[in-house]
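Here is the structure we will look at.
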Amino acid sequence: MKKTMLDMRVIRNKRLNPDHFLLELASPKPVSGIRPGQFAEVLVENSPTTFLRRPFSIHFVNEEEKSVELYIKRAGEGTRTLGYLEEGDFVNVILPLGNGFALPSSGKVLLIGGGCGVAPLLYLAKEAHSNHIDCDILIGGKDKDQISESERYSRYGRLHVMTEDGSCGEIGLVTQHPVVQRINDFSAIYCCGPEPMMKAVANMTRNSGVPVYVSLENTMACGIGACLCCVVNTNKGNVCVCTDGPVFKSDVLSNW
Amino acid sequence: MANLKVNIGNLEFKNPVLTASGTFGFGLEFDDFIDVSALGGIIVKGTTALPREGNPYPRMAETSSGMINAVGLQNKGVEHFIDIIYPLIKGYNTHVIVNVNGSTIEDYIAVTEKLVALEKIPAIELNISCPNVKEGGMAFGTSCASSSAVTAAIRKVWPRTLIVKLSPNVTSIAEIAKSVEAEGADAVSLVNTFLSMAINAETRRPVLSTITGGLSGPCIKPIALRMVWQVAQAVKIPVIGLGGIMDATDAIEFLLAGATAVQVGTANFIDPTTAVRIVEGIEEYLMRHNMEDVGQVIGGLGK
């Protein structure tokens, strides 16, 4: 799908837990052709301190209903303002941006999401399921409040849950989960979450030959490769997270 | 329909709206959103003789009504521009202008001499005002002597329209403008970003890897407007105004202050259609005020 700027109507703004909410936006145009892992830049109105758009992973695409879902963490003034949007409000959105995840043609994949990093994985799981790729999904958070929508992930693969305090699923960090010890069973690993978590996963798989794809989140202005603000250092030098990413194979990233 | 054409040096622009260097990529990034050829011109990303990696991340801090950047002229060098980018953008039906940078006068000359061969580059913008590089850049633009020296050197090797982009981080921008005018600049563009800084109180550290960066966006508009007004009165060559222009009304204000054309910068990051909407908005303004020519607005500030 070509990059487009749209006025989208809020059809759902649902509080999932104290930190996160789900914003579902109806598009005036078809939204087919959005790849899992791509993102949207949302203009925040009515927030004087929020000047730039805010980038969010696309959480899910409902092609028939022509809507997209964003899974948003309340992080600052901009995201708090978006949290107050009501059904029927309009928001200006640019999408789809970035490269997105590429799935293998067959085999098994493992999806690992930590905290807000689960955002792009639901649609990836659906895509894997549609392509008959066997999928293990591991999601983790600090506590049960950070684990939402378990039933949706379960539709597309085997769901494993882990929390740091054990209040939901197993206790510990996602990197300690048994499914991560079986890395050689997988054709590829897809990971999104806090950088230390993604780095740990990348390290554990370093000698296995199993590719790890991580989705990065850097401070961005334009989202379309014009401002050169969101760069990450790779084996090709500094590249834009917004256009060369946000998904990178972990072994191209410097100091990972 | 009103006439939107303006002249800078020997060059005629179909309308007075250009895009500012470093905010519009090479135009290609905006093809999905607008017809780039509808603009008066585009000024592509700052180009140096050799590739530059730019500064480390983090390079940007958001502020109320603006942003601070410290990109540091990341670019793949003039040869990459000539071999790879130029063939992709020379077909735009608008003026493609290259923003030329260097650490030494020899660097500026090296870039310019290579660009002379490109017939679809009718003008260059000499950037003596980048605040984010250790050597060159703003260092040239903050004294009349060095501004004159680099302008004179480039004037000798660049036969077409020469625009010099000025830094606002000076005591008297009008004096700098006069000094580059005296060395043969065809126009001046102003302002580049304001030297500024952001601190994270929680971590007690600077936000940017370079500590300081350049402030842009609507927060600088009133100062930019004042500087454009001052410079327009001090020089005879055309002034291109920029600094926080977000819509057609902002652009009209710069024209009234004496700018012959404007550049749209940071606004491109918020809404990639801004520059095209400003062209339409200027036309609408002229109609509403029963004016037939944008020239009636330029320098038309009443007292």
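If only residues of segment B:195-249 that are free of Cβ contacts under 8 Å to residues at least 12 places away in the same chain and of a type in the set (A, V, I, L, M) are counted, the one that is farthest from B:THR63 (Cα to Cα) is B:ALA201.
For B:ILE34, indicate whether it is crowded, with 23+ Cβ neighbours inside 10 Å and more than 8 Å from every other protein chain (Cβ to nearest Cβ). No.
Looking for whichever is open to solvent by less than 20 Å² (accessible area, probe 1.4 Å), more than 10 Å from every other protein chain (Cβ to nearest Cβ) and of a type outside the set (D, E, K, R) here; the options are A:VAL252, A:VAL231, A:VAL210, A:VAL241. Which one fits?
A:VAL210
Taking segment A:199-256 and the strands (runs of 3 or more DSSP E) fully enclosed by it, the elements with 2 or more residues that are closer than 23 Å to A:GLN181 by Cβ are at A:212-215. Within segment B:38-74, the residues that satisfy the criterion of being within 9 Å of another protein chain (Cβ to nearest Cβ), outside any loop (DSSP other than H, G, I, E, B), open to solvent by 20 Å² or more (accessible area, probe 1.4 Å) and touching a residue at least 24 places away in the same chain (Cβ under 8 Å) are B:LYS45, B:THR63, B:ASN69. The residue pairs whose first member lies in segment A:39-51 and is at the interface with another protein chain (Cβ under 9 Å from one of its Cβ atoms), whose second member is open to solvent by 10 Å² or more (accessible area, probe 1.4 Å) and acidic (Asp, Glu), and whose beta carbons are closer than 9 Å, counting only pairs six or more residues apart or on different chains, are A:LEU43/B:ASP271; A:PRO48/A:GLU77; A:THR49/A:GLU77; A:THR49/B:GLU62; A:THR50/A:GLU77; A:THR50/B:GLU62; A:PHE51/B:GLU62. Scanning segment B:234-259 for residues that are outside any loop (DSSP other than H, G, I, E, B), closer than 18 Å to B:VAL164 by Cβ and out of contact with any Gly (no Cβ under 7 Å at 6 or more places or on another chain) turns up B:ALA234, B:ILE240, B:GLY241. When A:VAL247 is tested against (1) under 30 Å from B:THR273 (Cβ atoms); (2) within 14 Å of chain B (Cβ to nearest Cβ); (3) not small (Gly, Ala, Ser), exactly one condition is not met: (2). In segment B:1-23, the residues that are under 22 Å from A:ALA221 (Cα atoms) reach residues that are crowded, with 18+ Cβ neighbours inside 10 Å and among the basic types (Lys, Arg) with C-beta atoms within less than 6 angstrom, at least six apart or across chains, in these pairs: B:GLY22/B:LYS45.
Selection of helices (runs of 4 or more DSSP H) fully inside segment B:102-217 by the criterion of at least 3 residues being at pLDDT 95 or above and at negative phi returns B:105-115, B:144-157, B:173-182.
In summary, B:GLU29 fulfils each of the numbered conditions (1) within 9 Å of chain A (Cβ to nearest Cβ); (2) in contact with a Pro (Cβ under 9 Å, 6 or more places away or on another chain); (3) at positive phi with the single exception of condition (3).
Taking the condition touching a residue at least 60 places away in the same chain (Cβ under 8 Å), open to solvent by 10 Å² or more (accessible area, probe 1.4 Å) and under 24 Å from B:VAL235 (Cβ atoms), does B:PRO131 pass? Yes; evaluated as a whole, the condition is true for this residue.
Does any residue of segment B:121-132 turn out to be under 30 Å from A:LEU43 (Cα atoms) and more than 14 Å from chain A (Cβ to nearest Cβ)?
Of all residues in segment B:121-132, those under 30 Å from A:LEU43 (Cα atoms) come to B:130-132.
Narrowing further to those that are more than 14 Å from chain A (Cβ to nearest Cβ): B:131.
Yes - at least one qualifying residue is present in segment B:121-132.
Being open to solvent by less than 50 Å² (accessible area, probe 1.4 Å) and away from chain A (no Cβ under 14 Å) narrows it down to one residue among B:LEU301, B:LEU256; which is it?
Working: B:LEU301 fails: open to solvent by less than 50 Å² (accessible area, probe 1.4 Å).
From the options B:LEU301, B:LEU256, the qualifying one is B:LEU256.
The values are calculated or read from the model by the stated rules, or taken from the named source; none is laboratory data. The shown structure was predicted, so the numbers you read here are calculated from the model rather than taken from an experiment. All Cβ positions, glycine included, derive from the backbone under ideal geometry; neighbour counts span all protein chains shown. What goes into the accessible areas is simple: the full protein's heavy atoms, side chains included, and nothing from ligands, DNA or RNA. Shrake-Rupley method; radii C 1.70, N 1.55, O 1.52, S 1.80 Å.
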